[in-house]
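Below: one structure, written as structure tokens.
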Amino acid sequence: MSSGKEPEEAAILKMHLEAVLRSSARHPKPAGLVLQYGTAGFRTKAEHLDHVMYRMGLLAVLRSKKTKSVIGVMVTASHNPEEDNGVKLVDPMGEMLAQEWEVYATNLANAEAHGLQMVLTNIIKQESINMQQEAFIAIGRDTRPSSETLSCAVIDGVTSLDSKFQDYGLVTTPQLHYVVCCRNTDGGYGEPTIEGYYQKLSKAFKELVQQAPGCDEIRCLNVDGANGIGALKLKEMEQYLQSVLSIQFFNDGSKGKLNYMCGADYVKVQQKSPEGMDIKPTERYCSFDGDADRIVYYYHDVNNVFHLLDGDKIATLISTFIKELLLKANLNLKMAVVQTAYANGSSTRYLEEVMKVPVYCAKTGVKHLHHKAQEFDIGVYFEANGHGTVLFSKNAEEQIKRLNRTGATEDIRKAAQMLENVINLINQVADRKVIETTDAERRTVTPPGLQEKIDDLVKTYNMARSFVRPSGTEDVVRIYAEADTQENADSLAHEVCLAVFSLAGGVGEQPMPLG
């Protein structure tokens with residue numbers, strides 16, 4: 001005999017689904033559009049995303065009910081062009097959406113109107129979600145012209161399931177991650193406001209600066225904001241840093257197009273400083289990406305030669321600093337660096353052979369590095385593009401609190417001496433999905449013969465390495481090459497481009513040599 005509770009739950013579910021279908025009519029799905037939840041959510045042209053945003057509002061509510069936690073929804077396409085947009089969900093501790101839920105996201109986004117109810121019902125049943133459980137969603141967006149309208153579609157999805165939300169408006173992606181973590185730890189991680197974010201990070205930064213030589217000196221930093229949210233929010237935070245840092249802003253959004261010839265991705269790929277910056281030798285420069293979750297540093301030497309401190313170098317320098325602290329304090333903590341296939345081979349060798357720090361390789365995407373880094377007392381991960389952080393276990397935090405952090409590290413300039421490398425983006429294949437990879441995306445499985453061709457090409461260059469993979473965030477195939485000189489890296493990259501064009505269904509004209 002069924003309990004009286006079951007009919008009640010069925011009635012509640014029916015009521016919710018009816019409300020969802022009524023609201024869904026305001027967010028129709030374009031005919032034939034198929035999207036995939038990638039390494040950082042959905043991304044495509046903004047005009048195709050209204051229905052996706054609505055449905056991610058629905059999914060966020062289900063995830064919130066399942067976890068009994070606040071879930072975040074960030075409307076952004078990060079380093080993509082201004083015409084694009086996207087969305088990513090933030091899990092309870094500020095991490096990326098659990099991988100097993102990515103399938104639900106893809107199924108929801110691609111469901112036709114008549115099948116939406118069934119997809120939702122299947123998720124609710126498979127996850128045993130109690131629809132009477134309260135849900136709360138934190139919503140943020142970047143500065144793209146389309147972001148405000150699309151965030152309204154997210155809100156429509158949340159409210160159609162009779163759930164609560166807070167719209168944080170214009171925020172960086174890290175700020176939304178921070179807020180979600182704070183709310184789910186009852187303030188244990190910090191105050192769940194943007195003001196709390198500024199206070200927490202500025203306090204930590206000033207304490208770190210005080211340990212360095214010349215700590216009374218006010219440092220100067222030139223910041224390329226990619227004409228995005230990063231400059232806007234750093235200007236708000238500037239007042240908290242005035243005692244230790246003087247900031248000069250460029251590409252701050254007052255003019256210029258988001259991510260166009262500026263930003264972290266442009267600097268990393270083009271291996272040169274962004275447009276719109278007044279570069280002076282030996283001064284410090286850095287670039288954010290469109291949603292300010294990437295950062296790269298660079299400078300021009302006295303001969304006006306460009307030098308990039310990308311994620312590989314940042315990870316190497318941070319790891320060196322932490323390793324020296326651990327040795328001084330005689331702490332026995334397990335530390336490791338997690339990299340992707342894009343990591344420069346020289347950085348890997350330096351960490352393993354000189355610094356004696358274990359290095360692990362994970363698939364491209366912060367979520368993969370983050371999960372691997374959590375296995376250690378101290379996990380350092382930075383993608384070459386500037387995504388990254390340092391994770392400390394509770395055990396490490398308790399021991400490090402007792403450290404007396406005095407003195408300075410030795411000159412570690414040699415840690416930043418990496419091989420020359422180039423990354424080339426191509427979109428001259430009919431379908432990027434024909435390329436499948438293995439070994440943390442460092443080797444191709446299909447199409448047949450491509451990996452063998454790459455191996456043969458690499459053998460003809462000194463200290464060389466190359467791989468190809470379909471992008472997880474853009475409709476392109478990415479090609480990476482490194483060698484002992486920039487000329488050789490460029491040449492190898494071009495030859496691999498030609499191999500991809502020939503064996504993976506190239507269309508249009510053949511790729512031209514670089515430079």
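Throughout, read-outs are computed from the coordinates displayed, never taken from laboratory work. Just so it is clear, the model here is predicted, and its values are computed rather than measured. Neighbour counts run over all protein chains shown; Cβ positions are idealised from the backbone, glycine included.
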Hey, what do the phi angles of region 492-509 turn into as Karplus ³J(HN,Hα) couplings, whole Hz, using 6.51/-1.76/1.60 and θ = phi - 60°, x for Gly and Pro? 4, 4, 5, 5, 5, 4, 5, 5, 4, 4, 6, 9, 10, x, x, 10, x, 7
Using amide H atoms built 1.01 Å from N in the peptide plane, name the residues 5+ places from residue 429, or on other chains, whose amide H lies under 5 Å from its own. 507
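Restricting to the chain, compute how many DSSP beta bridges are antiparallel as a %, nearest 5. Present the calculation step by step, with values, prior to reporting the outcome.
Values: 40 of 67 bridges.
In the chain, DSSP labels about 60 percent of beta bridges as antiparallel.
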Under a plain spin-label model, where a point goes 7 Å from the Cα along Cα-to-Cβ, how far apart in nm are residue 307 and residue 103? 5.0 nm
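Of the beta bridges DSSP finds with both residues in region 290-411, what % are antiparallel, to the nearest 5? The partial results should precede the final answer.
Numbers: 9 of 16 bridges.
The antiparallel fraction comes to roughly 55 percent.
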Step through the residues of region 21-27 one at a time and calculate ³J(HN,Hα) from phi using the Karplus curve (6.51 cos²θ - 1.76 cosθ + 1.60, θ = phi - 60°), rounding each to whole Hz and writing x for Gly and Pro. 5, 5, 6, 4, 4, 7, 10
Counted charge near residue 371, where neighbours are those whose Cβ lies closer than 11 Å (Asp, Glu -1; Lys, Arg +1): +1
Place a point 7 Å from Cα of residue 397 in the direction of its Cβ. Which residues in region 70-95 have their backbone N less than 13 Å from it? 93-94
Assign one of three labels to region 142-288, namely rounded, prolate or oblate, based on the Cα gyration tensor with a ≥ b ≥ c the square roots of its eigenvalues; rounded applies when a/c is under 1.5, prolate when it is not and a/b is larger than b/c, and oblate otherwise. oblate
Taking amide H positions as placed 1.01 Å from N in the peptide plane, with prolines and chain starts having none, which residues 5 or more places from residue 339, or on another chain, fall under 5 Å of its amide H? 360, 361, 362
So, in nm, how far is label residue 22 from label residue 329 when the simple model puts each one 7 Å beyond its Cα toward the Cβ? 5.8 nm
Distance check, please: which entries in 233/372; 233/328; 372/433; 45/200; 65/372; 65/433 exceed 32 angstrom between their Cα atoms? 233/328; 45/200; 65/433
Phi-derived 3J(HN,Hα) across region 293-299 with the Karplus relation (6.51, -1.76, 1.60, θ = phi - 60°), rounded Hz, x for Gly and Pro, is 10, 10, 8, 10, 10, 6, 7
Per q in 0.16, 0.22, 0.25, 0.26 1/Å, what log10 I(q)/I(0) does a Debye calculation on the alpha-carbon atoms of region 132-196 return? -0.57, -0.95, -1.09, -1.12
Counting other Cβ atoms within 10 Å of each Cβ, which chymotrypsin sites (Phe, Trp or Tyr not before Pro) in region 283-363 have at most 16 and sit in a DSSP loop? none
Once the Cα atoms of helix 229-241 and of the chain are each reduced to a long axis, what angle between those two axes, in degrees from 0 to 90 to the nearest 10, is obtained? 70 degrees
Whose amide H sits under 5 Å from the amide H of residue 263, counting only residues 5 or more places off or on another chain, with H placed in the peptide plane? 226
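Which is the longest part of the chain that has none of the GluC sites (Glu not before Pro) sitting in a DSSP loop with at most 12 other Cβ atoms within 10 Å? The partial results should precede the final answer.
Values: sites that count: 112, 134, 217, 410, 509.
Here the longest segment lacking exposed loop sites spans 218-409.
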Rounded to the nearest 500, the 222 nm mean residue ellipticity computed for the chain from DSSP H runs (n ≥ 4, each -39500 (n - 2.57)) alone is -11500 deg cm²/dmol
Where nothing but the Cβ of Lys and Arg (+1) and of Asp and Glu (-1) is charged, how large is the charge dipole of region 37-94 around its Cα centre, in debye to the nearest 20? 500 debye
